[in-house]
Structures are given as structure tokens and as C-alpha cells.
1. When you scan the stretch 155-175, how many residues do you find that are under 35 Å from the mean Cα position of the chain (by Cα) and on the phi < 0 side of the Ramachandran plot?
2. Would you be able to say whether some residue in the stretch 525-538 is at pLDDT 90 or above, more than 27 Å from Asp297 (Cα to Cα), outside any helix (DSSP H, G or I) and small (Gly, Ala, Ser)?
3. Do we find that Glu253 is in contact with a helix residue (DSSP H, G or I) (Cβ under 8 Å, 6 or more places away or on another chain), buried (at least 18 other Cβ atoms within 10 Å of the Cβ) and either more than 30 Å from Lys510 (Cβ to Cβ) or among the hydroxyl-bearing types (Ser, Thr, Tyr) (or both) in this structure?
4. Could you say which residue among Met499, Met490, Met471 is modelled with pLDDT of 95 or more and closer than 18 Å to Thr431 by Cα?
5. Collect the residues in the stretch 402-420 that are touching a Ser or Thr at 6+ places or on another chain (Cβ under 8 Å) and surrounded by 15 or more Cβ atoms within 10 Å (Cβ to Cβ), keeping them in residue-number order.
6. Could you give me the residue pairs with C-beta distances under 7 Å whose first residue belongs to the stretch 248-266 and is of a type in the set (Gly, Ala, Ser), whose second residue is modelled with pLDDT under 80 and not in a helix (DSSP H, G or I) wherever it lies, and which are 6+ apart or on separate chains?
7. Within the stretch 164-185, is even one residue in contact with a helix residue (DSSP H, G or I) (Cβ under 6 Å, 6 or more places away or on another chain), part of a loop (DSSP other than H, G, I, E, B), assigned by TED's automatic domain parsing to the domain that holds Arg44 and buried (at least 19 other Cβ atoms within 10 Å of the Cβ)?
8. For the stretch 316-338, how many residues meet the condition of being hydrophobic (A, V, I, L, M, F, W, C) and surrounded by fewer than 20 Cβ atoms within 10 Å (Cβ to Cβ)?
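The values are calculated or read from the model by the stated rules, or taken from the named source; none is laboratory data. Every value quoted in this text rests on a predicted model; they were computed, and no experiment measured them. Don't worry about glycine lacking a Cβ; one is built from the backbone with ideal geometry, like all the others, and counts go over all protein chains shown.
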Amino acid sequence: MTTAINFRSRNAACFSRSWATGVLLTLVCGSTLAMADAPASLDRIPANAAMAMSIRNMEQLAQRMSALSTLTGQRELEGNALSDIQQLLGTPGLNKSGSAALIVMPGAHGKLPRGGADGEDAPESVAVALVPVSDYAAFVTALGAPGSDGIQTVMVDDEENFVRDAGGGYAVLGKTRDAVEAFKSEAGQSAAHMKAMGAQGRRTADIADILMIASIPAIQEQIKERGDAFKERAEMMGQMGGADIGPVADFGEIVMNTFARDGQVGVIGVGLGEKGVWLDIGAQFKEGSELASFFTDTGKSASLLSRVPAMTFLLAGAFDLSAPGIKTIIRNVNEMNAKTVAADAKEAGEMLGGEAGADAVGAFANFASNVDQFDGGSFVMGASPGGLMGGLLINTTMFFQSKDPAKSLASAKEAMLKSNVQAVGGMTMKTTYVPAAAEISGVKVDKWTMEIQSDPDDPNAGSIAMMQAFMYGQGPAGGFSAAVDNGLVMTLSQNTPLMTRALAAAKGEKGLTTDEQIKASQALLPEGRTFELFVGSKSVMDTVGGFLAMMGGAAEFEIPVNLPPIAMGGTTDGGGVSTRIYFPHDVLKTFAEVAKAMQPEGDGMDGGDGEAPTF
């Protein structure tokens, strides 16, 4: 029996919209970082689904979206996605605290359905939504018709949709009768999903308020198309810029095709906790595949961050290279580099500027050939006292953990001297290197300089000089290098107090992980990280604000004194990879306030009332 029902409100709109809207919802909401269980609706999503999005708790989601909207002042959120969910929550018979899901099933050939020549429907036409209900009859009655068995016809946003009782406390809703009728909502699917997602995906599923999963084999064709599109755009940009970047395009295509070949499940998780918003992006690879073999070990980047000094920073990070799989990746990238670029050294040399081209192309090869010496490294780009125009890198220190520090220092010296008096694209690079030029904190320290000189008749000469001043301040770039018991220490300026602090941190004294904000940020990232990165929110905003003030374009806004950093961390174990990005609420709020302060008001373009002009 088919019963016609008209949704006078847009109650179910947020569940019947396209997947693009689903992704937007994913980017603005989330959960706490406390361990929980996978969203309940995951247990009802068929294990062979091509794509699915699961919401842990609808009412909680609406509350947190509302709080985020208030925090950032984004009224657009209040007027669109949030209002849709809030209207749905007001429907009698709905299980407000239940878990909902959006699902796209694969076509007959096991791939993501696509419109066009193959005759299959587009994904949005075969997508279905699982809506949690406490009383299906009451839910349908509230929509304008008595509850009854069978598929019923409803209107959602003036479009015909279909709904039926899926059992187990769910209603299934979709745009086509066939999709709703064919959908099997059977319990007991979580175990298969958790196995397919692997260790990386399980970490995300256990804490995410919104969980998105995609079967890589089902979307394999789309991934390959993305690779082809990347290559085409890269080659087009290269032609427009007058450079041959075919090797870069080829490399991107290889990466995408390899991912499509070895990928098992793609996972995205989003959370909104009491203090911040986070996003997880990861993938699990097929057991026994090449990519899975690369990612088998947990990382130790957290400890490496302690080897650079605590300071007010713009950017800081650490990376662990100790795992055999990570070293293999570096070697493989070098091999691909050799095949695609160095195979034609003459062309590469012409592209990069004369005889120096081959040497420049070989820079990565030099690093890859020495990768077995290094087990990782860390860096901190300290805030520059002079701001953007005072040398962005002059307060930077680096640490490289090495099995043979003396050999690593010798390699650095060799690379520096090799680049002396080399012509690159109309520029001349001059370098100096003085071994044991000074003694700092009882350590013999090498001193080096690097200066890029350009032909004064070159129209780009001014830009080159400005860029060098922007990066290193007035005068040539330079720094200190020294071998210590556990690695190599470098600075990007000949600053004795900075090198003193860098050497102390390398020995385990007053490292960056003693900073309370860094400690708090690291605790929000997954354990066993292979890499981590922190953006000094306040320092960056102060630096940019100072530059705008100097240029006469600064708006009046106040940056909180203890603004926490934005944090990022990645894991590479269990045959998969995952990266988390964490945005503290204070940062989001400050960004919103700064953006508002920078909006022009009453400038004659908006009628003086701050509203956008109407034409």
C-alpha cells in the first residue's frame, strides 16, 4: 500500500540532501575526546555500503552545532543545517538521542553508482537515510498520515521521497522507491566495519560524533579520475608558468593510483568537545598490500619534540623516521624521482637553470641516500622580533636524531660546499662553511652562510632580494651546526644565545614539551604519532597584525594572551594512516572576531549600514 504524505516543514531535509551537504555537516560538528563506542547506527549500515555517514546522537549534535554557531557568530549555520535538524527533533515519535545515518549502496558491479553512460543512478538518487524512531506510527502520523505498514510516499523540500519501517527502532527514507525497498537494515554490522577500518579507523569511530566511511574499491574509479584530473591541472599550470612540471604531475598520478589499488576503507571523523573541534582523516589498506606494509609501527615524534628549545613559536613540529616502512617510502619516492626527473638530467638542468639543475634535482637523492643515518627530527620556528620584515626564519632551530652524528655533520658540510657558486635560474648561490668556528656550551660549532645574488639587470632581482630579506633579514642567510651525542643541531642564524638553548634542549634540558600549552595540545592528539605539527596561533596573528599595521591596513582587534596552538598529529600503524587536526575553541572564536573586525563598515559601498549592497 502506498500513502501520500506531504512534509509541510523541512523536517527530514537534512537526511535526504546530497552527499555534499553531508560533508558540510561533517565539517561543523563533532564530539568530545573521551573514549566511547562506535555510533549505534553503524551496526545497521550494511558492511558492503559504498559510502556512509553515521551521526552518534542527533540531539547532542544539534546542541553542539548551536554552541559552535554562538561561539563563532556564524548565523548561516543557525539558518540552514542547524534549523533542519532542530525541526526534525521536534517530530513526535523520533528518538531524539538516537543515532542516524546516510548510506549509499554500491551498484550491481560493486562500485559507487554514477549517472551517465553506464545507465546507473547517481549516488544521491540511491542514497537512503536511517532515522531513529521510538514510535514509527507516531512519527508517520505526525507527518500527516496514519502509521501503516509498507512503503509510503512523502514530499521533502517539494521532492517525492519514500519511507518505511526498517525495524529495530529505525525508519528508512530515500528518494527512490526501489532504494528504500531494497535496503536491508539488519543488526550486527559493526564488527565487520570495525575490522575493515583497522586500528586507525577504530580509534576514530570510538570517539567521533560524526563518522564517515567509504569503501575504496567501490570508489576506485573516482579516485583514479581525481589522479588524472590532478595531472591535467598540474601540466596546464606548468604550461601557463613556462615550466615543465610533468614529473610532479606523474608523481601525483602514481600516488593516487597506488592508493586506489591498495586502499580498503577511507575514514573521516569529526568531534566538537568542550574546548575544541577536531577532524580525523585516515585510511586502512588491504592486508598484504604494499601500502599496508609501510605502516606497521607506532611513532615517537612526541619525544623528538622535546629536543628543540621551549620558546614562543610560529610553527613547531617533529617527525619519526625510525620505522623501516617510513624509510622504505623515502627510498621509493627517491626511486620515482630518479625515473621521472633525473632520467633526463639535461632537460631538468635547463628547467632549473644551467648546470646546477642536475645538482638541485639530486638534493632529495642526497637526503634519501643518507636516510638510514636518521631516526627522525624536530624543529621550532620561533617568533621573529622584527615580524615579517625582520627575517621569518632567524629564530629557527632544528634537531636531527642520528645514529652517527659526526657523519651527519660531514654530510651537511659537503652539501653546503657543493652548492657554492652555483647558477640557478639567473641567480648565483654563494656559500661558506667554517668547521669548528666557535665553541658554545662546551661544544665545537661550525658556522655557515648562504647568499643568493641576482643580476641587477634581471627584472626579478628586486623580488629575489625582498624574499631573501623576508626569510633571513638583512644580510646573507647563515647559521650554526654541531654534532651532539644523539644527533645534529642547527640554527638558521648565527645567534649564540639561540644555539646555546638549542644545544641544551638536544641534551634534554628545557625542551619544547615543557611548555604547558604544548603538553595540553599533545594530549588531544592520538598516541603513537609518527609526526606532529603545532601552529602558534597568537604569534602568527601578532606577526600578521604587525605587518598589516605597518602597511596601514590593520583593523582594531585584541589577541588573547594565552591563545593555544592549533595541533596536528598523524599515526602510521596497523596497516593504515590517520591524521588529526585540532582547533581550540579560543582560536575559532578569535579568528571569528578578527574576521569581523576586518570587515569594512560604512565605506560607501554598503550604504553605511554594514549590509551588502543590492543591485
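1. So the answer is 7.
2. Kept after step one, since they are at pLDDT 90 or above, are these residues of the stretch 525-538: 525-538.
Those left that are additionally more than 27 Å from Asp297 (Cα to Cα): 536-538.
Imposing the further condition that a residue be outside any helix (DSSP H, G or I) reduces the set to 536.
Add one more test, that the residue is small (Gly, Ala, Ser), and what stays is 536.
Checked the stretch 525-538: at least one residue is at pLDDT 90 or above, more than 27 Å from Asp297 (Cα to Cα), outside any helix (DSSP H, G or I) and small (Gly, Ala, Ser).
3. Here the answer is yes, as Glu253 does meet what is asked.
4. Working: Met499 fails: closer than 18 Å to Thr431 by Cα; Met471 fails: modelled with pLDDT of 95 or more.
Criteria check complete, one pass: Met490.
5. Answer for the stretch 402-420, where residues must be touching a Ser or Thr at 6+ places or on another chain (Cβ under 8 Å) and surrounded by 15 or more Cβ atoms within 10 Å (Cβ to Cβ): Ser402, Ser408, Leu409, Ala412, Lys413, Met416, Ser419.
6. Nothing qualifies.
7. Checked against the condition, which is being in contact with a helix residue (DSSP H, G or I) (Cβ under 6 Å, 6 or more places away or on another chain), part of a loop (DSSP other than H, G, I, E, B), assigned by TED's automatic domain parsing to the domain that holds Arg44 and buried (at least 19 other Cβ atoms within 10 Å of the Cβ), the stretch 164-185 yields at least one hit.
8. Within the stretch 316-338, residues that are hydrophobic (A, V, I, L, M, F, W, C) and surrounded by fewer than 20 Cβ atoms within 10 Å (Cβ to Cβ) number 5.
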